[in-house]
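Below: one structure, written as structure tokens.
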Amino acid sequence: MKKHKVKEVRNLTNSTFVVRLERNGMQFQTGQFVLVGTKGAVERREYSIYSGENENFLEVLVREVNGGKVSAKLKKLKPGDTVDVDGPFGFFKFSPAAFQSQKFLFVATGTGISPFHGFIKTYPDLNYQMVHGVRLAEEAYDHADFDEKRMVLCTSGDNKGTFEGRVTAFLKEQDIDAETNCFLCGNSEMIYEVFDILTGKGVPTSNIYSEVYF
Ligand SMILES: Cc1cc2nc3c(=O)[nH]c(=O)nc-3n(C[C@H](O)[C@H](O)[C@H](O)COP(=O)(O)OP(=O)(O)OC[C@H]3O[C@@H](n4cnc5c(N)ncnc54)[C@H](O)[C@@H]3O)c2cc1C
């Protein structure tokens, strides 16, 4: 475990924020996660790495969960504070060179967009479509960092996104090339449903990769 100093906390909504930490030389592959906790705390939680492999800082995107033990403490962090970080861990690693087809579909709910932010920061020239599902359009976390033409914002609680409804409803309407490499990240319910939609459209299970948050 290492101590990392907080450089900045950037609020994106009332409950969601980006914590920028000193990188301290940490090597990782985009898509991996770190365990983060406040200084000396017993409890730590997994957070996908939001920043790119080549940036000189380490970022995580966190949503404060109601009554959550760790996320509520992270919300109170200030520049200069220290957090405990372990890792990197995980197999949701992304390296475009590993794929024959260079067509990528990224599907996320809520803060599940975090690893994909890391992907595009690391590999800005990717041929991808990002489908992001949130309740309200204000939860379009840092969408300006993505290519506007490649982003679909699905909103289930207002009509201010590109598509009104859940990511599952959007995907059901799409033709998806079976060669597409599909990456899913977020809550388990979405992942199971999207998995069925994609396989139903002929995408082989070997082309589907997922990271479950809760
Ligand atoms: C591999 C991995 C990567 C993750 N990456 C991120 C990330 O990048 N950003 C992020 O915000 N979270 C991420 N999470 C979730 C995170 O690890 C914590 O579970 C979350 O911050 C809640 O922790 P807590 O201690 O505040 O709440 P707890 O006290 O542990 O739990 C409170 C309750 O909230 C539920 N819960 C957990 N996460 C959410 C959520 N996002 N929305 C609604 N309910 C939830 C739990 O199931 C639990 O019932 C990731 C989880 C995993 C397994």
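The values are calculated or read from the model by the stated rules, or taken from the named source; none is laboratory data. Model, not experiment: these values are computed from the prediction. For neighbour counting, all protein chains shown are included, and Cβ atoms are generated from backbone atoms with ideal geometry for every residue, glycine included. Accessible surface areas use protein heavy atoms only, side chains included; no ligands, DNA or RNA. Shrake-Rupley method; radii C 1.70, N 1.55, O 1.52, S 1.80 Å.
Within region 95-108, being open to solvent by less than 30 Å² (accessible area, probe 1.4 Å) and within 19 Å of Ser48 (Cβ to Cβ) holds for Pro96, Phe104, Leu105, Phe106, Val107, Ala108.
Under the condition of being aromatic (Phe, Trp, Tyr) and away from the ligand (no atom under 16 Å from the Cβ), which residue from region 71-110 is farthest from Glu211 (Cα to Cα)? Can you show your working first?
Initial filter on region 71-110 (aromatic (Phe, Trp, Tyr)): 89, 91-92, 94, 99, 104, 106.
Adding the requirement that they be away from the ligand (no atom under 16 Å from the Cβ) leaves 99, 104.
Numbers: Phe99: 18, Phe104: 16 Å.
Here the residue is Phe99.
Taking the numbered list (1) open to solvent by 10 Å² or more (accessible area, probe 1.4 Å); (2) under 22 Å from Asp145 (Cβ atoms); (3) within 10 Å of the ligand (Cβ to nearest atom) in turn, Leu35 passes all entries but (2).
With Thr13, Thr30 as the choices, which residue is outside any strand (DSSP E or B) and buried (at least 16 other Cβ atoms within 10 Å of the Cβ)? Show your work before the answer.
Numbers: Thr13 fails: buried (at least 16 other Cβ atoms within 10 Å of the Cβ).
When all the criteria are applied, what remains is Thr30.
Within region 124-137, can you find the residues that are closer than 21 Å to Leu12 by Cα and in a loop (DSSP other than H, G, I, E, B)?
Initial filter on region 124-137 (closer than 21 Å to Leu12 by Cα): 130-137.
Arg135, Leu136, listed by residue number.
Given the criteria open to solvent by less than 60 Å² (accessible area, probe 1.4 Å) and over 21 Å from Phe17 (Cα atoms), does Met190 qualify? Yes.
When Ser51 is tested against (1) of a type outside the set (A, V, I, L, M); (2) within 9 Å of the ligand (Cβ to nearest atom); (3) part of a loop (DSSP other than H, G, I, E, B); (4) in contact with a strand residue (DSSP E or B) (Cβ under 7 Å, 6 or more places away or on another chain), exactly one condition is not met: (2).
Could you list all residues from region 162-214 that are among the β-branched types (Val, Ile, Thr), within 24 Å of Gln102 (Cβ to Cβ) and in contact (Cβ under 8 Å) with a residue 24 or more places away in the chain?
Of all residues in region 162-214, those among the β-branched types (Val, Ile, Thr) come to 162, 167-168, 176, 180, 191, 194, 197, 199, 203, 205, 208, 212.
Still in the running and within 24 Å of Gln102 (Cβ to Cβ): 162, 167, 176, 180, 191, 194, 197, 199, 203, 205, 208.
If the condition is that a residue be among the β-branched types (Val, Ile, Thr), within 24 Å of Gln102 (Cβ to Cβ) and in contact (Cβ under 8 Å) with a residue 24 or more places away in the chain, then Val167, Ile176, Thr180, Val194, Ile197, Val203, Ile208 are the ones that fit.
Has region 54-61 got at least one residue that is open to solvent by 20 Å² or more (accessible area, probe 1.4 Å) and in contact with a helix residue (DSSP H, G or I) (Cβ under 6 Å, 6 or more places away or on another chain)? Full working, then the answer.
Residues of region 54-61 that are open to solvent by 20 Å² or more (accessible area, probe 1.4 Å), as a first pass: 54-57.
Narrowing the set further to residues that are in contact with a helix residue (DSSP H, G or I) (Cβ under 6 Å, 6 or more places away or on another chain) leaves none.
Within region 54-61 (the criterion being open to solvent by 20 Å² or more (accessible area, probe 1.4 Å) and in contact with a helix residue (DSSP H, G or I) (Cβ under 6 Å, 6 or more places away or on another chain)), the answer is no, since none of the residues qualifies.
Would you point out the residue of region 138-159, among those that are touching a Gly at 6+ places or on another chain (Cβ under 9 Å) and not in a loop (DSSP other than H, G, I, E, B), that is surrounded by the fewest Cβ atoms within 10 Å (Cβ to Cβ)? Of everything passing the filter in region 138-159, Val152 is surrounded by the fewest Cβ atoms within 10 Å (Cβ to Cβ).
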